[in-house]
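Engineer: One structure is given below, represented as structure tokens, and several questions about it will come after.
The values are calculated or read from the model by the stated rules, or taken from the named source; none is laboratory data. On a predicted model such as this, the values are computed, not experimentally measured, just so you know. For neighbour counting, all protein chains shown are included, and Cβ atoms are generated from backbone atoms with ideal geometry for every residue, glycine included. The accessibility values were calculated without ligands, DNA or RNA, using every heavy atom of the protein model including side chains. Shrake-Rupley method; radii C 1.70, N 1.55, O 1.52, S 1.80 Å.
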Amino acid sequence: TIVNNESEEILRMIDSEFSQFEGPGESATPRLYPKDFVSEIEEINSWVYDNINNGVYKCGFAKSQAAYDEAVKNLYKHLDKAEEILSKQRYLCGNRLTEADVRLFMTLVRFDEVYVVYFKCNKKPISAYPHLTNYMRDLFQTPGLGESVDMEHIKRHYFTSHPSLNAYSVIPSGPGVLEDLKQPHNRDTFAHKV
């Protein structure tokens with residue numbers, strides 16, 4: 001039994017605590033926090049978490065125009081940074097899927113469906129970023145990752161959990177991001193290593 005609700009700790013546990021269930025020469029799960037990538041993962045996680053994962057919340061719960069303006073500026077500055085990195089390589093840390101990718105994916109997959117409307121992150125949807133869009137398709141189509149996304153649940157949770165943001169708990173119908181994520185991507189033009 002796992003008793004934890006901290007996503008970073010859960011990712012690390014999945015990466016390290018289940019190796020006892022693997023047979024000789026096999027890996028039950030990809031190593032998302034490999035020792036040779038730790039410093040790069042930590043550097044990426046620091047700006048992704050503060051400015052993107054938490055950045056959408058800073059926009060949505062801003063208590064002043066100045067706070068919102070600062071949060072949205074930082075959010076899009078760092079989405080642009082991720083877009084630039086992913087224009088040159090398949091994953092955030094090069095040619096290997098890591099925890100940094102999983103953490104970014106979980107915010108990106110919610111972005112157009114939830115954060116654009118609910119948290120006022122409407123300057124530019126993720127669908128307008130070609131590399132982030134194809135990156136999301138790639139990750140969504142990675143075995144085990146796309147299956148973990150329950151968009152109906154995600155939308156129901158967000159749009160009914162904060163009465164101060166949505167007093168009547170109305171859940172928008174669109175835009176249908178999951179169908180787009182099933183489309184072919186171009187990320188396999190970069191080398192790949194899980």
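Engineer: Sorting 119, 37 by accessible area (1.4 Å probe), largest first, what list results?
Structural biologist: 37, 119
Engineer: Let me ask another. Sort 43-52, 157-166 by the packing proxy (mean of other Cβ within 10 Å over each peptide's residues), most packed first.
Structural biologist: The packing order, highest mean first, is 43-52, 157-166.
Engineer: Roughly how many whole Å is it from the C-alpha centroid of the range 56-113 to that of the range 159-187?
Structural biologist: 17 Å
Engineer: While we're here: Protein chains only, probe 1.4 Å: how do 147, 40 rank by accessible area, largest first?
Structural biologist: 147, 40
Engineer: Testing the spin-label approximation: label points 7 Å from Cα along Cα→Cβ at residue 95 and residue 171. State their distance in nm.
Structural biologist: Taking the two extended label points, one gets 4.3 nm.
Engineer: Quote the accessible area belonging to residue 182 in square angstrom, nearest 10, computed with a 1.4 Å probe and with ligands, DNA and RNA left uncounted.
Structural biologist: 120 Å²
Engineer: Rank by packing, highest mean first: peptides 86-95, 65-74, with packing defined as the count of other Cβ atoms within 10 Å averaged across residues.
Structural biologist: Final packing ranking: 86-95, 65-74.
Engineer: Given H placed on each backbone N at 1.01 Å, which residues far from residue 149 in sequence or on other chains put an amide H within less than 5 Å of it?
Structural biologist: Under 5 Å from the amide H of residue 149 lies no amide H from a residue far enough along the sequence or on another chain.
Engineer: Oh, and also: Heavy atoms only, probe 1.4 angstrom, no DNA, RNA or ligands counted: give me 106, 136 ranked by accessible area, highest first.
Structural biologist: Largest to smallest exposure gives the sequence 106, 136.
Engineer: At q = 0.13, 0.16 Å⁻¹, work out log10 I(q)/I(0) for the range 35-93 with the Debye formula, treating every Cα as an identical point scatterer and leaving solvent out; two decimals please.
Structural biologist: -0.38, -0.54
Engineer: Applying 1/(1 + (r/R0)^6) with R0 = 30 Å to the Cβ-Cβ distance of residue 73 and residue 141, what FRET efficiency is obtained, to the nearest 0.05?
Structural biologist: Rounded to the nearest 0.05, the efficiency is 0.40.
Engineer: For residue 91, enumerate residues with amide H under 5 Å from its amide H, sequence gap 5+ or separate chain, H modeled in the peptide plane.
Structural biologist: The answer is 96.
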